Amino acid sequence: MLIVFGFALLLLTAAVVVLFAMLGELATRVPDPDDRPVPVVRPLDGTNIGREPGEWPAGLPDRDDAVILVLSTVCASCQTIAKQLAAEPEHLAWAELGLVISTGAREGGEDFVTANRLGSYRHHVDEGGAWTRAEFAVEISPTALVFRGGRLASAHTFNDVAALRDAVRKEMETA
């Protein structure tokens, strides 16, 4: 009887050790909400600031005063931005916000919009990034293009939609 009790106690101890080990492993896989990257909005050098585009895709909002976000289907940061936009409760505050989806093929761009629930935003699929490269010399994503009076007023790289919105608002107030 003592042997059975000792064996049961050994199994119970092993089960508790395994359980705590599994909880520890699970805890390492759940991201800490405070571990988010620091929001960054930086001016993008080398763009055609002041340029009035010769061509404006029909899917985008009016270019007079608009913010166009350039996202790529193969960019991990762009996936994060897309998730932020889809979850954005104030997306109507971006009445003149448009998206340019840079992709190798039109179908991939439309799939990106659908998969990330971005259909409520006006958008244009830019195959090969041809439009953003030719008009504004932009070859990086995510990028925010800010237009005032139909001309490119500023361009930014960013990693957080809320930080970008705040930066653009400040920029518009000081202009």
Matching option when the condition is under 19 Å from the mean Cα position of the chain (by Cα), crowded, with 21+ Cβ neighbours inside 10 Å and not in a loop (DSSP other than H, G, I, E, B), among Ala144, Ala66, Ala86: Ala144
Qualifying position, being under 20 Å from Leu44 (Cβ atoms), among the acidic types (Asp, Glu) and at pLDDT 90 or above, among Glu135, Glu96: Glu135
Test set (1) surrounded by fewer than 16 Cβ atoms within 10 Å (Cβ to Cβ); (2) under 20 Å from the mean Cα position of the chain (by Cα); (3) polar (S, T, N, Q) - Thr174 fails condition number: (2)
Residues located in segment 119-141, provided they are of a type in the set (A, V, I, L, M), assigned to a loop (DSSP other than H, G, I, E, B) and touching a helix residue (DSSP H, G or I) at 6+ places or on another chain (Cβ under 6 Å): Val138
Pairs, first on the phi < 0 side of the Ramachandran plot and assigned by TED's automatic domain parsing to the domain that holds Phe136 in segment 155-175, second among the acidic types (Asp, Glu) and not in a helix (DSSP H, G or I), C-beta under 7 Å, six or more apart: Val161/Glu88
Failed condition for Arg42, given (1) assigned to a loop (DSSP other than H, G, I, E, B); (2) at pLDDT 90 or above: (1)
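Can we say Asp166 is of a type outside the set (A, V, I, L, M), out of contact with any Pro (no Cβ under 8 Å at 6 or more places or on another chain) and over 12 Å from Val70 (Cα atoms)?
Numbers: of a type outside the set (A, V, I, L, M): yes; out of contact with any Pro (no Cβ under 8 Å at 6 or more places or on another chain): yes; over 12 Å from Val70 (Cα atoms): yes.
It is true that Asp166 is of a type outside the set (A, V, I, L, M), out of contact with any Pro (no Cβ under 8 Å at 6 or more places or on another chain) and over 12 Å from Val70 (Cα atoms).
Can you name the residue in segment 147-171 that is acidic (Asp, Glu) and under 21 Å from Cys78 (Cα atoms) and, of all such residues, is surrounded by the fewest Cβ atoms within 10 Å (Cβ to Cβ)?
Keep residues of segment 147-171 that are acidic (Asp, Glu), which gives 160, 166, 171.
Next, only the ones that are under 21 Å from Cys78 (Cα atoms) stay: 160, 166.
Working: Asp160: 19, Asp166: 13.
Per the stated criteria, the residue is Asp166.
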For Val113: the one exception among (1) within 20 Å of Val40 (Cα to Cα); (2) in a helix (DSSP H, G or I): (1)
Test: residue in segment 119-131 that is under 19 Å from the mean Cα position of the chain (by Cα), crowded, with 19+ Cβ neighbours inside 10 Å and among the small types (Gly, Ala, Ser): yes
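The values are calculated or read from the model by the stated rules, or taken from the named source; none is laboratory data. Just so it is clear, the structure is predicted and the values come from calculations on it, not from any experiment. Methodologically, a virtual Cβ is constructed for each residue, glycine included, from the backbone with ideal geometry; neighbour enumeration extends over all protein chains shown.
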